[in-house]
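The values are calculated or read from the model by the stated rules, or taken from the named source; none is laboratory data. Please read all numbers here as calculations on a predicted model, not as lab measurements. Glycine gets a Cβ as well: all are built from the backbone with ideal geometry, and neighbour counts include every protein chain shown. All accessible areas refer to the heavy atoms of the entire protein, side chains included, with ligands and DNA or RNA removed. Shrake-Rupley method; radii C 1.70, N 1.55, O 1.52, S 1.80 Å.
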Amino acid sequence: MWPIDRSALTALATLLLVAPMLPGVAVKTKSALSGRRGAPVLQLYWDLGKLLRKGTVYSTTTTWVFRAGPVVMLASLVAAALFLPLDGRGALLAFAGDLVAFAALLALARFALVLAGMDTGSSFEGMGASREVTFASFAEPTLFLCFIGLVLATGHLSLSDMFGAALAAAWSHATAPLSLVGIALFVLLLAENSRVPIDDPATHLELTMIHEVIVLDHSGPDLALILFGSALKLALFAALIVGLAIPRATLPLAASLGLFVVGLVVVAIAVGVVESVMARLRLTRVPQLLVGAGALALFGIILLLR
């Protein structure tokens, strides 16, 4: 029987519990900086509860692919969380090269949602799906460049080892490269979660929508799964940034989880600050931003290879 790490399991439960709060923190920060009251921080919890109590409407043109999309998306993201050392020590699942499995599960979540959108037969959702996979083709290489930088800095191929004690030691001799990787990861967070300046989750303008257009036909519990999955994906990328910035391998579990939650909130606040000071980029500029993030990670790799 596979041994269960209780501290890692507690950290995973903490992530799942806190995840719906992070979009609310970002929205509240943006509202406060723009002089508005804004929605409550816990608004998504109430929305999820309301959607779970509603029925689901399916178009006659859709198939099982549409119904399976939200389930596969959420299951893939939860599975990806199993490979992250959320407690700062180790993940529930770990092996050499598990960073590839982590990236593959993120890609599977996107693929399931894109297929569900295309299964509606709507050219509108097909447009959003096309934009989603186009930007993903720039984001995924950047993610692997960030991982390569972490592998070179720590000397490990497993996420549990990369974000463990070896990372704390790496900061003493690779401060600049790791800082560049952190910046690239933050840009990736904005892109993978369709946040400003990549996309605006609050807009419903036909010519600018990317992620939101894919989920327009979902309702009830299916929409709840998608919203929770989106919040979890934001939390996963925030966890990568927190794990990089705050090595917690030597801290007690309570202190490690406390810093973890605080770090997630700080990242969400940073997202809100970016959304309040920047405008949405033109679609043609988004690939340039992602290539720039990849260039930062690549420059960090070059510094590590010197």
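Being surrounded by fewer than 18 Cβ atoms within 10 Å (Cβ to Cβ) and farther than 26 Å from Pro197 by Cβ: is that true of Arg67 here?
yes
Can Asp200 be described as at pLDDT 95 or above, of a type in the set (Asp, Glu) and open to solvent by 10 Å² or more (accessible area, probe 1.4 Å)?
No, not satisfied.
Mind listing just one residue for me: the one in region 158-178 that is at pLDDT 95 or above and open to solvent by 50 Å² or more (accessible area, probe 1.4 Å) and, of those, nearest to Leu92 (Cα to Cα)?
Trp171
Name the residues in region 142-178 that are touching a residue at least 40 places away in the same chain (Cβ under 8 Å) and among the hydroxyl-bearing types (Ser, Thr, Tyr), would you?
Across region 142-178, the qualifying residues are Thr142, Ser158, Ser160.
Determine which single condition Tyr58 fails, assuming it passes every other condition in (1) assigned to a loop (DSSP other than H, G, I, E, B); (2) in contact (Cβ under 8 Å) with a residue 40 or more places away in the chain.
Of the numbered conditions (1) assigned to a loop (DSSP other than H, G, I, E, B); (2) in contact (Cβ under 8 Å) with a residue 40 or more places away in the chain, the odd one out for Tyr58 is (2).
Just checking, which of Val262, Val242, Val213 is open to solvent by 20 Å² or more (accessible area, probe 1.4 Å) and at negative phi?
Criteria check complete, one pass: Val262.
Can you go through Leu84, Leu74 and tell me which one is within 16 Å of the chain's Cα centre (by Cα), modelled with pLDDT of 95 or more, among the hydrophobic types (A, V, I, L, M, F, W, C) and assigned to a loop (DSSP other than H, G, I, E, B)?
The match here is Leu84.
Pick from region 115-134 the residues that are open to solvent by 10 Å² or more (accessible area, probe 1.4 Å) and among the aliphatic types (A, V, I, L, M): which of them is farthest from Ser59 (Cα to Cα)?
Val133
Considering Ala39, Ala101, which residue is of a type in the set (A, V, I, L, M) and more than 30 Å from Val277 (Cβ to Cβ)?
One residue alone meets the criteria, Ala101.
Could you pull out the residue among Phe66, Phe124, Phe144 that is in a helix (DSSP H, G or I) and over 30 Å from Arg285 (Cα atoms)?
Checking each option against the conditions leaves just Phe66.
Tell me whether region 33-48 contains one or more residues that are in a helix (DSSP H, G or I), modelled with pLDDT under 95 and open to solvent by 70 Å² or more (accessible area, probe 1.4 Å).
Yes, because at least one residue in region 33-48 is in a helix (DSSP H, G or I), modelled with pLDDT under 95 and open to solvent by 70 Å² or more (accessible area, probe 1.4 Å).
Of the residues Leu264, Leu251, which is assigned to a helix (DSSP H, G or I) and out of contact with any Ser or Thr (no Cβ under 6 Å at 6 or more places or on another chain)?
Leu264
Could you run through region 221-267 and say how many residues are touching an Asp or Glu at 6+ places or on another chain (Cβ under 8 Å) and hydroxyl-bearing (Ser, Thr, Tyr)?
Qualifying residue count, region 221-267: 1.
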